[in-house]
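Take a look at the structure below.
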Amino acid sequence: MQMIEPYNAVGLIPTFWGIRRRADIKHNIEHIEHLTKAAFWLSNLDIPVKLLAIPEGALMGFNDEVLDVDHAEYARTCCIDIPGPETDAIGKLARKWKVFIMAQAKARHKDWKDLFFNVGFIVDPNGKIILQHYKLSALLPVERSVSPHDIYDWWIEKYGRNLQAFWPVVDTEIGRLGIMMAMEGNYPENGRGLAMNGAEVVYRASMPAPFTENDIFEISNRARALENNMYIIAPNIGSYHLYPDSKVGIDAGGGQSMIVDYKGQIVGKQRDTNGSTFVTGVINIEALRHHRQSAQVTNWLKDVRTELAQIIYEQPIYPKNRYLKKIPPKHAKYKREVIDAQVALMQKRGIWKKPSGRPKR
């Protein structure tokens with residue numbers, strides 16, 4: 001087995017423009033190409049860069065969420081196909097710089113005409129797509145992309161009921177790579193699913209303010225890295241221009257981009273987002289593997305008592321198959337019919353107690 005030498009990972013923090021139609025993505029990709037050149041010119045002055053991460057939203061923005069658009073219409077007019085021209089452009093970038101690239105887009109599935117999904121994907125240095133991950137846990141109640149859990153029965157019939165079907169990992173020459181986007185990182189089960197499937201380097205991007213500004217992003221990044229002994233590559237978005245012709249952008253991400261090592265320590269950080277920038281840090285796969293083999297305490301995964309963990313999840317909470325036969329609704333209806341019902345469920349089961357009155361601030 002060939003030794004994997006330490007390498008630099010670069011997370012881009014780009015300015016980006018929300019799209020009105022699929023063709024608008026081209027402008028964002030052109031900007032990413034320019035930013036990559038600047039980031040690599042500087043980062044390669046140290047040890048070689050072998051991994052590039054493009055944050056969630058960088059290709060398309062979040063207009064489907066911010067503007068509460070009709071789900072099926074956005075699927076038809078804005079979402080991409082994988083593979084397609086947009087992923088081909090990312091593949092060209094990977095070939096040019098001889099790196100693996102982690103990225104994200106809202107995308108269609110050939111079997112679901114009126115639905116779209118939030119898909120993270122990995123491209124190898126030859127430009128080939130080697131992994132696709134369909135986001136499991138969205139930013140509820142505003143993100144209307146469909147989760148595999150929303151079409152659960154169909155999904156397991158097609159892809160199986162196993163770790164690779166929901167938390168896919170790909171074994172590469174720079175380590176085992178996986179994806180855990182944005183809100184997914186706030187649910188420990190997603191990090192654990194990747195770890196149990198062998199992940200060593202995990203993409204986790206992006207998160208908006210105020211969650212980044214109030215430490216949620218950093219706490220969850222470091223916790224997932226520490227408890228699973230894996231690297232987390234977490235670049236956040238830069239300035240968000242709502243429309244392609246918007247003159248002034250808004251820093252909706254709030255900065256806090258970082259790279260975290262397998263002990264939960266930050267090894268690369270970029271706190272600010274004054275225009276487009278990047279974050280870089282060293283990945284040492286051999287050190288990670290040595291720790292997993294040699295540590296007696298902090299290689300936690302070996303001690304998971306799975307029979308006990310299963311008791312926690314015996315009763316279902318969030319309902320599966322929600323969108324097998326319908327389209328995701330707009331924000332207000334979702335809040336009324338789903339979020340409120342889920343809170344009531346937690347209280348009815350006695351898991352949560354109702355507040356006795358209005359809390360004092």
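The values are calculated or read from the model by the stated rules, or taken from the named source; none is laboratory data. Bear in mind that the values here come from a model prediction, so they are computed numbers and not experimental data. Please note: Cβ atoms are built from the backbone with ideal geometry, for glycine as well, and neighbour counts cover all protein chains shown. Ligands, DNA and RNA are excluded from the accessible area calculation, which covers all protein heavy atoms including side chains. Shrake-Rupley method; radii C 1.70, N 1.55, O 1.52, S 1.80 Å.
Points worth noting:
- A 1.4 Å probe run over segment 187-337, with the rest of the protein chains in place, finds 52 Å² accessible per residue.
- Highest-fluctuation residue, Asp124, Asp111, Asp215 considered, GNM on the chain with Cα pairs under 10 Å: Asp111
- Candidate cross-link partners of Lys354 among the aspartates and glutamates, defined by an alpha-carbon separation under 16 Å and a same-chain spacing of 8 or more, comprise Asp340.
- For peptides 68-77, 94-103, 272-281, sequence by mean Cβ density within 10 Å, most packed first: 94-103, 272-281, 68-77
- Cross-linked pairs Lys96/Lys128; Lys37/Lys98; Lys50/Lys92; Lys128/Lys269: Cα-Cα separations exceed 18 Å for Lys128/Lys269.
- The apolar share of the surface of the chain, taken as the fraction of accessible area on carbon and sulfur atoms (1.4 Å probe, ligands and nucleic acids excluded), comes to 54 percent.
- Net length gained if the chain between Met1 and Ala72 were fully extended (0.36 nm per residue, minus Cα distance): 20.8 nm
- Residue among Tyr313, Tyr240, Tyr323 with the largest mean-square fluctuation in a Gaussian network model of the chain, springs linking Cα atoms under 10 Å: Tyr313
- Our helix-only sum for the chain, with -39,500 (n - 2.57) per DSSP H run of n ≥ 4 divided by its residues, gives a mean residue ellipticity at 222 nm of -8500 deg cm²/dmol.
- All aspartates and glutamates inside 15 Å of Lys26 as judged from Cα atoms, apart from same-chain residues fewer than 8 positions distant: Asp81, Glu86, Asp88, Asp245
- Qualifying lysines (Cα of each under 24 Å from Cα of Lys348; at least 8 residues distant if same chain): Lys320, Lys333, Lys335
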